[in-house]
Amino acid sequence: MAQSSESVVIIGGAIVGSSIAYFLREQGFAGSVTVVERDPSYQFSSTALSAASIRTQFGTPVNIHMSLFGAEFIRTIKDRFGAGADIGFVERGYLILGGPETVEVRRAGVEMQRLEGADVAALSPDEARKLYPWLNVEDIGVATTAWRNEGWFDAWSLLSLLRRAARARDVTYVEGHAEGIELDGDRVTGVRLSDGTVIAADWCVNAAGAASAAVVRKLGIELPVCARKRTVFSIKAPLERSNVPMLFDTSGAWIRPEGEGFICGIAPGEDNDPDADGDFEPAHELLEEFLWPALAHRIPVLEQLRVERAWAGHYEVNMLDHNGIIGPHDKIGNLVFATGFSGHGVMHAPATGRGVAEFITHGQYRTIDLSPLGFGRVRSGTPLHETVVY
Ligand SMILES: Cc1cc2nc3c(=O)[nH]c(=O)nc-3n(C[C@H](O)[C@H](O)[C@H](O)COP(=O)(O)OP(=O)(O)OC[C@H]3O[C@@H](n4cnc5c(N)ncnc54)[C@H](O)[C@@H]3O)c2cc1C
């Protein structure tokens, strides 16, 4: 059990950093907890710019378990944060389409997910068409979905709840840019801010999202986490929203209801996906060239869509295997990573927060074993491949 004299400094105060702070108190960590955040408006954080959706359809068991806990956390938000807590959770499955050549693999994936506890199913094209009459199924072989534990919510509201609860339990938020991590041999002793202040630390957690590689680069640590721009388009369309899930098309296009309309997007091709480094300009050209044709093919009524606005945020992509990097550095044991989620960091923030807090407070994971996501695989270059990547 960690001593009450110990201190934790978390770099990055968005959904992952704040979840860790919240769960440290939940786990009974009695020492000081400081969150260093360079931009308290969070306007450029991935958290604020994300599509804030949650799925249990993953190819890696640990990701499924993290999502199942995320869904439970979201569903029981009022029990934790009070009757007024509301993050607008819409519990509705993802609908992930696959071509005829993928049927076997996708059905095997569903079997595995069911064994791990996810309430998912594989649908034939006809079954999908019956549930979603607006869907063009002519070129698909399978559609997978979940009956529970998937959907979307308001990430900003969740972040606000976590921060408020953390603050109420004596977590200090400091506005500042963490510029360096101070070491004594192979131990972190403090975090240095750009104004020269050093905050002493018995534990340092790197939850800096797309900037997390920069945070440790001066230590000679090459974290394979890069910022990749993802554009979201907010649209209106003559399609009844109440029966539209989070749809992932075979083309890579996605769409889901939001407010009075929909949000949608598509990842750029790999050869057109450079390091985003400060670039938040929406990639408008994706709409005309790729997204609109793909959506209109899949949902013919979307021929008539109207774009209301667009924004871009950064995925913090773990170039090794598209999975989070969670846990201590192999040599600097009190430097803990919580980054690299590659497009699933909002849904996995509760499980990450709880796991990191367990590790710091009790010296081990007590609930979900997060060790498959540890730094060791980065050191050895051994990917834990996630097959269901968006
Ligand atoms: C368009 C888009 C759609 C997405 N959709 C989903 C989705 O549907 N579901 C899902 O689960 N995930 C989704 N994601 C991914 C998700 O948003 C991220 O994985 C998640 O927000 C990561 O949270 P974080 O707290 O680690 O990082 P961030 O939210 O980026 O926060 C990092 C924080 O660290 C701060 N910081 C960085 N460097 C420093 C420093 N040196 N000193 C002090 N502070 C620092 C930053 O200011 C920032 O506030 C999406 C992302 C994008 C861009």
(request) Inspect all residues belonging to the range 279-302 and state whether any of them is buried (at least 24 other Cβ atoms within 10 Å of the Cβ) and in a strand (DSSP E or B). (result) no
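Rundown of residues vs (1) surrounded by fewer than 19 Cβ atoms within 10 Å (Cβ to Cβ); (2) in a strand (DSSP E or B), yes/no style:
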| residue | (1), (2) |
| --- | --- |
| V188 | no, yes |
| R192 | yes, yes |
| D195 | yes, no |
| I199 | no, yes |
| A210 | no, no |
| V215 | no, no |
| L219 | yes, no |
| L223 | no, no |
| C226 | no, yes |
(message) Given (1) of a type outside the set (S, T, Y); (2) in contact (Cβ under 8 Å) with a residue 12 or more places away in the chain; (3) closer than 22 Å to S7 by Cα, identify the lone condition not met by G196.
(response) (2)
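A quick yes/no check of all residues on (1) away from the ligand (no atom under 12 Å from the Cβ); (2) in the same structural domain as S18 (by TED's automatic domain parsing); (3) in contact with a helix residue (DSSP H, G or I) (Cβ under 7 Å, 6 or more places away or on another chain):
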{"residue": "V198", "(1), (2), (3)": "yes, yes, no"}
{"residue": "A207", "(1), (2), (3)": "no, yes, yes"}
{"residue": "K218", "(1), (2), (3)": "no, yes, no"}
{"residue": "R230", "(1), (2), (3)": "no, no, no"}
{"residue": "E240", "(1), (2), (3)": "yes, no, no"}
{"residue": "L247", "(1), (2), (3)": "yes, no, no"}
{"residue": "C264", "(1), (2), (3)": "no, no, yes"}
{"residue": "D273", "(1), (2), (3)": "yes, no, no"}
{"residue": "F290", "(1), (2), (3)": "yes, no, no"}
(request) Restricting attention to the range 145-170, report how many residues are farther than 20 Å from A48 by Cα, assigned to a helix (DSSP H, G or I) and within 21 Å of the chain's Cα centre (by Cα). (result) 0
(request) Tell me which residues, restricted to the range 85-132, are out of contact with any strand residue (DSSP E or B) (no Cβ under 9 Å at 6 or more places or on another chain), among the small types (G, A, S) and touching a residue at least 40 places away in the same chain (Cβ under 8 Å). (result) A85, G117
(request) Identify all residues within the range 371-390 that are in a loop (DSSP other than H, G, I, E, B) and within 25 Å of G220 (Cβ to Cβ); write none if there are none. (result) G374, F375, G381, T382, P383, L384
(request) Report yes if some residue within the range 18-34 is near the ligand (Cβ under 8 Å from one of its atoms), part of a helix (DSSP H, G or I) and over 13 Å from the mean Cα position of the chain (by Cα); otherwise report no. (result) yes
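Select, from I332, I360, the only residue that is buried (at least 24 other Cβ atoms within 10 Å of the Cβ), more than 14 Å from the ligand (Cβ to nearest atom), modelled with pLDDT of 95 or more and over 21 Å from the mean Cα position of the chain (by Cα). Break it down stepwise before answering.
On the way: I332 fails: buried (at least 24 other Cβ atoms within 10 Å of the Cβ).
Being buried (at least 24 other Cβ atoms within 10 Å of the Cβ), more than 14 Å from the ligand (Cβ to nearest atom), modelled with pLDDT of 95 or more and over 21 Å from the mean Cα position of the chain (by Cα) holds for just one of I332, I360, which is I360.
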(message) Exactly one of these conditions fails for S53: (1) surrounded by 18 or more Cβ atoms within 10 Å (Cβ to Cβ); (2) more than 8 Å from the ligand (Cβ to nearest atom). Give me its number.
(response) (2)
(request) Mind telling me which of the residues G343, G324 ends up being outside the structural domain of P125 (by TED's automatic domain parsing), surrounded by 15 or more Cβ atoms within 10 Å (Cβ to Cβ) and modelled with pLDDT under 95? (result) G343
(message) Against the conditions (1) more than 9 Å from the ligand (Cβ to nearest atom); (2) surrounded by 24 or more Cβ atoms within 10 Å (Cβ to Cβ); (3) outside any helix (DSSP H, G or I), where does M66 fall short? Just the number, please.
(response) (3)
(request) Tell me, yes or no, whether the range 3-16 has at least one residue that is in a helix (DSSP H, G or I), assigned by TED's automatic domain parsing to the domain that holds V188 and not aromatic (F, W, Y). (result) yes
(message) Let me spell it out: the conditions are (1) of a type in the set (G, A, S); (2) assigned to a helix (DSSP H, G or I); (3) surrounded by fewer than 20 Cβ atoms within 10 Å (Cβ to Cβ), and A85 meets all of them except one. Which number is the exception?
(response) (2)
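I'd like to verify a number: residues in the range 288-323 that are among the polar types (S, T, N, Q) and touching a Pro at 6+ places or on another chain (Cβ under 7 Å), how many?
Here is the first cut: in the range 288-323, the residues among the polar types (S, T, N, Q) are 304, 318, 323.
The next check asks that each one be touching a Pro at 6+ places or on another chain (Cβ under 7 Å); those that pass are 304, 318.
Qualifying residue count, the range 288-323: 2.
The values are calculated or read from the model by the stated rules, or taken from the named source; none is laboratory data. Remember, predicted model here, so these are calculated numbers, not experimental data. Every residue, glycine among them, receives a Cβ derived from its backbone with ideal geometry; neighbour counts consider all protein chains shown.
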